[in-house]
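Participant: Submitted below is the structure of interest, expressed as structure tokens.
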Amino acid sequence: MFQASMYSGDKVKDYGLLIRQLQALSEDEKDPIAILSNASALLNQFLEETNWVGFYLWKEDELVLGPFQGLPACIRIGYGKGVCGTAIQEKATQRISDVHQFPGHIACDSATKSEIVVPVFINGTIYGVLDIDSPVTNRFDETDQEYLEKFVDTLQGYLS
């Protein structure tokens, strides 16, 4: 049974615990929707100052809304569109300190001010993205990016 842990306040140490929690929740599960649902819930309870945490999955040449925590969201995002579509197109994490300065930003929630999107690839094939929004400008730093990429690397092992 999962129990929320008290995090120490040491960002690196706490991200390590988060990744171990993901492993414990996913190790005996085969259903990708169940794994992604728990992953989004886990991130939502871990991260502060966020207003949306979830996944978009690649289906028929576009990103389609998957498991998430937060307000209702955009359902479909095209390749190269917005921050999520750009992450897929560029095959790279997009860490945006002010979404209002990002050309073509798709505003699903007007409260969002910053965003980080980590692409998910399995065996070189697009699977989707992890998308995290914040109502705070410049919410995500290099440490967040590094460990969210490690989180996604760990997650990919359970989705393949």
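The values are calculated or read from the model by the stated rules, or taken from the named source; none is laboratory data. Nothing here was measured: the structure is a model prediction, and the numbers come from that model. Cβ placement follows ideal geometry from the backbone for every residue including glycine, while neighbour counts extend to all protein chains displayed. Accessible surface is based on the protein model in full, side chains and every heavy atom, while ligands, DNA and RNA are left aside. Shrake-Rupley method; radii C 1.70, N 1.55, O 1.52, S 1.80 Å.
Participant: Looking at Gly54, Gly104, Gly85, which one is open to solvent by 10 Å² or more (accessible area, probe 1.4 Å) and either closer than 18 Å to Gly128 by Cβ or out of contact with any Leu (no Cβ under 6 Å at 6 or more places or on another chain) (or both)?
Facilitator: Just a single option satisfies the conditions, and that option is Gly104.
Participant: Which of the residues belonging to region 88-126 are out of contact with any Ser or Thr (no Cβ under 6 Å at 6 or more places or on another chain) and within 21 Å of Pro32 (Cα to Cα)?
Facilitator: Ile88, Val117, Pro119, Val120, Phe121, Asn123, Gly124, Thr125, Ile126 - these are the residues of region 88-126 that are out of contact with any Ser or Thr (no Cβ under 6 Å at 6 or more places or on another chain) and within 21 Å of Pro32 (Cα to Cα).
Participant: Give the residue that is nearest to Thr50 (Cα to Cα), with candidates limited to residues of region 111-140 that are open to solvent by 10 Å² or more (accessible area, probe 1.4 Å) and of a type in the set (Ser, Thr, Tyr).
Facilitator: Only one residue tops the list, namely Thr137.
Participant: Let me ask another. Any idea which residue in region 95-124 is nearest to Glu146 (Cα to Cα), counting only those that are charged (D, E, K, R) and free of Cβ contacts under 8 Å to residues at least 40 places away in the same chain?
Facilitator: Ranking the candidates gives Glu115 first.
Participant: Which residue pairs have Cβ atoms closer than 7 Å, lie 6 or more positions apart in sequence or on different chains, and pair a first residue in region 34-50 that is over 18 Å from Gln145 (Cβ atoms) and of a type in the set (Val, Ile, Thr) with a second residue that is open to solvent by less than 10 Å² (accessible area, probe 1.4 Å) and not in a loop (DSSP other than H, G, I, E, B)?
Facilitator: These pairs meet every condition: Ile35/Ser26.
Participant: Within region 57-74, can you find the residues that are of a type outside the set (Lys, Arg) and open to solvent by 40 Å² or more (accessible area, probe 1.4 Å)?
Facilitator: Trp58, Glu60, Asp61, Glu62, Leu65, Phe68, Gln69, Gly70, Leu71, Pro72
Participant: Something else now. Just give me the residues in region 28-48 being open to solvent by 40 Å² or more (accessible area, probe 1.4 Å) and closer than 18 Å to Met6 by Cβ, in sequence order.
Facilitator: Asn44, Gln45, Glu48
Participant: Further question on the same structure: Suppose we keep only residues that are of a type outside the set (Ser, Thr, Tyr) and under 26 Å from Gln45 (Cβ atoms) within region 88-97. Which one would you say is most open to solvent (accessible area, probe 1.4 Å)?
Facilitator: Arg95
Participant: Test Val64 against the stated conditions and say whether it is out of contact with any helix residue (DSSP H, G or I) (no Cβ under 8 Å at 6 or more places or on another chain) and among the β-branched types (Val, Ile, Thr).
Facilitator: yes
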